[in-house]
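For reference, the structure is listed below as structure tokens.
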Amino acid sequence: MYAIEYQNIRMSYKDKVVIPDFNLSVKRGEFMTIIGSSGCGKTTILKMVNGLIQPTSGAIYVDGKNIKDVDITKLRRKIGYSIQGSVLFPHMTVEKNIAYVPNLINRSDRKQIQQAVSKWMRIVGLDESMCKRYPDQLSGGQQQRVGIARALAASPDILLMDEPFGSVDEITRGSLQDQIFHIHQETGITVLFVTHDIHEALKLGTKVLVMDHGEIQQYDHPDIIKHGPANRFVEMLVSRSVL
């Protein structure tokens with residue numbers, strides 16, 4: 001039933017407690033947008049899912065298994081990861097960037113890998129004529145599309161996105177939002193999406209997680225967040241949005 005479970009997560013750096021006690025269960029197929037104050041722990045919570053950050057205490061379960069008990073490399077290959085600016089391999093073509101994880105998993109099946117590359121390029125709105133281009137030959141929006149295609153090329157069950165559209169212009173941002181929304185509808189993938197934009201959080205999320213100082217302020221459907229904020233902090237956040 002749950003793709004991800006956080007149980008009694010505590011995170012501290014020396015004497016500074018960033019996350020005191022975080023508990024949350026994310027259903028399979030959910031598109032959870034995460035928003036809150038700067039430094040509230042949004043990215044920390046995201047990176048714990050694929051083991052990029054280890055909590056000070058507590059446990060994280062992915063598909064019912066404690067990630068401490070699984071091979072972390074295999075876990076990461078099953079979880080797509082897309083961040084702001086896409087961070088592509090500069091020495092690889094678009095095609096090789098997208099094929100990177102599928103190659104690690106199934107190097108022998110070239111036909112299947114090529115089909116995956118073609119499929120995801122089409123879905124994210126990239127022309128196949130771009131296959132042989134390098135990242136520095138692409139616009140910011142095109143690079144971000146390649147990053148999303150790379151994150152999805154191995155057909156992961158979970159996709160982690162950390163402010164993926166933060167570095168592109170508003171028109172490109174709107175187009176990318178529409179694409180990731182439709183990708184989620186078509187695939188049913190579980191998405192965790194960190195954003196600093198309340199418009200984006202309410203537009204994309206099937207559930208919205210509002211955080212402040214490492215604590216959950218509200219976790220609910222966008223309409224409830226919008227029309228029934230749980231406290232003054234959420235109310236102030238929502239008031240920035242004119243919908």
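Flag set for D162, criterion: under 11 Å from S82 (Cβ atoms), acidic (D, E) and either surrounded by fewer than 23 Cβ atoms within 10 Å (Cβ to Cβ) or in contact (Cβ under 8 Å) with a residue 12 or more places away in the chain (or both). Just one of (1) open to solvent by 30 Å² or more (accessible area, probe 1.4 Å); (2) within 18 Å of the chain's Cα centre (by Cα); (3) modelled with pLDDT under 85 fails for R145. It is (3).
I'm trying to understand the selection: among the residues of the range 30-41, which are at pLDDT 95 or above and either outside any loop (DSSP other than H, G, I, E, B) or open to solvent by 60 Å² or more (accessible area, probe 1.4 Å) (or both)? Talk me through it step by step, then tell me what you get.
In the first step, residues of the range 30-41 are kept if they are at pLDDT 95 or above; the result is 30-35.
Of everything in the range 30-41, those that are at pLDDT 95 or above and either outside any loop (DSSP other than H, G, I, E, B) or open to solvent by 60 Å² or more (accessible area, probe 1.4 Å) (or both) turn out to be F31, M32, T33, I34, I35.
Quick test of your reading of the structure: I4 fulfils all but one of (1) outside any strand (DSSP E or B); (2) within 30 Å of T172 (Cβ to Cβ); (3) not basic (K, R). Name the failing condition by number. Of (1) outside any strand (DSSP E or B); (2) within 30 Å of T172 (Cβ to Cβ); (3) not basic (K, R), only one is false for I4: (1). Which of the residues that make up the range 64-78 are within 14 Å of Q7 (Cα to Cα) and open to solvent by 20 Å² or more (accessible area, probe 1.4 Å)? Residues satisfying the conditions are G64, K65, N66, K68.
Could you tell me which of the residues S155, S167 is open to solvent by 30 Å² or more (accessible area, probe 1.4 Å), modelled with pLDDT under 90 and either in contact with a strand residue (DSSP E or B) (Cβ under 6 Å, 6 or more places away or on another chain) or at positive phi (or both)? Before the answer, list the steps.
Working: S167 fails: either in contact with a strand residue (DSSP E or B) (Cβ under 6 Å, 6 or more places away or on another chain) or at positive phi (or both).
The conditions single out S155.
The residue list I45, I19 contains one member that is in a strand (DSSP E or B), modelled with pLDDT of 95 or more and surrounded by 14 or more Cβ atoms within 10 Å (Cβ to Cβ), which is I19.
Within the range 114-130, can you find the residues that are touching a residue at least 24 places away in the same chain (Cβ under 8 Å) and in a helix (DSSP H, G or I)? Outline the logic, then answer.
Applying the first criterion (touching a residue at least 24 places away in the same chain (Cβ under 8 Å)) to the range 114-130 yields 116-117, 120-121, 123-126, 130.
The answer is A116, V117, W120, M121, I123, M130.
Q54 falls short on exactly one of the conditions (1) closer than 30 Å to Q7 by Cβ; (2) at pLDDT 90 or above; (3) open to solvent by less than 50 Å² (accessible area, probe 1.4 Å), and that condition is (3).
Without any contact (Cβ under 8 Å) to a residue 60 or more places away in the chain, open to solvent by 20 Å² or more (accessible area, probe 1.4 Å), not in a helix (DSSP H, G or I) and not aromatic (F, W, Y): does that describe R133? Please lay out each step first, then the result.
Details: without any contact (Cβ under 8 Å) to a residue 60 or more places away in the chain: yes; open to solvent by 20 Å² or more (accessible area, probe 1.4 Å): yes; not in a helix (DSSP H, G or I): yes; not aromatic (F, W, Y): yes.
Here the answer is yes, as R133 does meet what is asked.
Taken over the range 159-206, the criterion of being of a type in the set (G, A, S) and either in contact with a Ser or Thr (Cβ under 6 Å, 6 or more places away or on another chain) or closer than 17 Å to L126 by Cα (or both) is satisfied by G174, S175, A201, G205.
The values are calculated or read from the model by the stated rules, or taken from the named source; none is laboratory data. Treat the numbers as computed from the prediction; the structure is a model and nothing was measured. All Cβ positions, glycine included, derive from the backbone under ideal geometry; neighbour counts span all protein chains shown. These area figures cover heavy atoms from the full protein model, side chains too; ligands, DNA and RNA do not enter into them. Shrake-Rupley method; radii C 1.70, N 1.55, O 1.52, S 1.80 Å.
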